[in-house]
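A.B. asks: Handing you a structure now.
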């Protein structure tokens with residue numbers, strides 16, 4: 001996987017961020033599941049599923065981070081994105 005991050009301080013109270021993440025890969029799948037039971041309840045019928053899977057994924061995240069002080073003097077941070 002790879003991640004790219006860009007960050008820009010607009011001023012001391014506002015920061016803009018852009019992150020892009022890419023992932024890729026493959027895996028082999030092998031799964032069994034019960035599909036039924038005989039009338040006597042002594043034998044379980046099963047089904048086998050198998051295969052290869054390849055995946056590619058890209059996601060993007062944009063954020064604005066604001067910092068401010070309220071009238072009582074408490075510091076706050078707000079995150080939008």
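The numbers here are math on the coordinates, done by the rules we state, and not lab data. Owing to the predicted nature of the structure, the values given are computational and were not obtained by experimental measurement. Ideal geometry is used to build each Cβ from the backbone, glycine not excepted, and the neighbour counts take in all protein chains shown.
A.B. asks: Note down, for the chain, the three equivalent ellipsoid semi-axes (square root of 5 times each alpha carbon gyration tensor eigenvalue), biggest first, whole angstrom. It would help to have the intermediate numbers written out before the result.
C.D. replies: Working: eigenvalues 572, 87, 8 Å².
Semi-axes (√(5λ), whole Å): 53, 21, 6.
A.B. asks: Contour minus end-to-end for residue 33 and residue 52, with contour as 0.36 nm per residue of separation and end-to-end as the Cα-Cα distance? Walk me through the numbers before you get to the answer.
C.D. replies: Details: separation 19, 0.36 × 19 = 6.84 nm, distance 1.80 nm.
Stretched fully, the residue 33-residue 52 segment lengthens by 5.0 nm.
A.B. asks: Taking R0 as 41 Å, what's the FRET efficiency between residue 72 and residue 16 from their Cβ-Cβ distance, rounded to 0.05?
C.D. replies: On the way: r = 28 Å, r/R0 = 0.68.
Once rounded, the FRET efficiency stands at 0.90.
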